[in-house]
Amino acid sequence: MDEHTSPASNDAAGQAGSTSGGFESPEGLRALLIRLHEFGPGAWRGDREAAELMRFTAVKYRRLARKYGLDAWAVASVAFEVMLAPSTRNAGNPWAVVTHAVRITCLAETRAAGMLTSTSKVRHTSRIAGFHDAIRFAEREHLTDYHPAFAVDPAADEDDDSDNGDRARVTMALSDTVGLFVFTGWDAALVVTCVEHVTYRLADLPSRARAVEVLRRDHATPELLGIPPRSWTALVRIVLGNPDRKHAGTPTGDGVLLRLLVGEPLESLRCDTGLLAAIWGANPNKLASP
């Protein structure tokens, strides 16, 4: 099979091959898969009917691939892998098995790309349906409208300059929060993803204390991000504050984000040795070290 030939230009060829081989029917596909399996390793590589089958497959799933923004031959490769499985050739309707597997893979690929994670994690994480595609916090024009915690001055007027100033301060506070973690050795891309998720969950909940509790019980996110649960819990409490009553009104209770939003200079936080030690100690690389 010519790997540089597009499925569109071989539409007729694929139809012709399916007619001669009969693999367009479930029974014909099963017969071909059994023959190729019995022939042994390398059977697919030199078999003309197998090449015709793959051209036909690329044409068959071309619309599905286009729907999910994938390459038709990439989808055909997924179908090929499914066809190698014993369960496919032994199924009552092999084409139905292939189509179902291809559709699931297309969904997983699209979901994984949107969530900036691997396809395998999307497939095997039971709570993945509760997450949305990744959105950079800078993409929201009116971040202060999503939660009172982002409103630096609730009594501010509606003047455009003031509004722009508030948004700039929120964006800067989030950026400085990320910078603090990176300053102590955290991976920048990981921290950005974590802080974004924390702030967006905060926007959906009534208070920082409630957000900390919900995020602390969130076991799927650290699994998706590939970080220890201890690192995740510590990051949440450092960013949003520790809701324990004994920390009320203290820097530990307020959290990094609120401290920055109310105007505490970044340099002041960088001089807070207790805070830096907590961030450093929560670093996944440190916890993973022997």
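Counting neighbouring Cβ atoms within 10 Å and putting the fewest first, the residues Asp254, Asp47, Asp71 line up as Asp71, Asp47, Asp254. For Lys246, Lys67, Lys60, the sequence from fewest to most other C-beta atoms within 10 Å is Lys246, Lys67, Lys60. By the count of neighbouring beta-carbon atoms within 10 Å, fewest first, Leu258, Leu53 end up ordered Leu258, Leu53.
Placing R0 at 41 angstrom, the Cβ-Cβ distance between Ala85 and Ala209 gives a FRET efficiency of 0.25 after rounding to 0.05.
Full extension of the chain between Glu267 and Ala31 gives 77.8 nm of extra length, using 0.36 nm per residue less the Cα-Cα distance. Note on Asp47/Ile104: beta-carbon distance plugged into 1/(1 + (r/R0)^6) with R0 of 35 Å gives a FRET efficiency of 0.80.
We did not get these values from a lab; they are worked out from the coordinates using the rules stated. Owing to the predicted nature of the structure, the values given are computational and were not obtained by experimental measurement. As a convention, Cβ positions derive from the backbone with ideal geometry for all residues, glycine included, and neighbour counts pool all protein chains shown.
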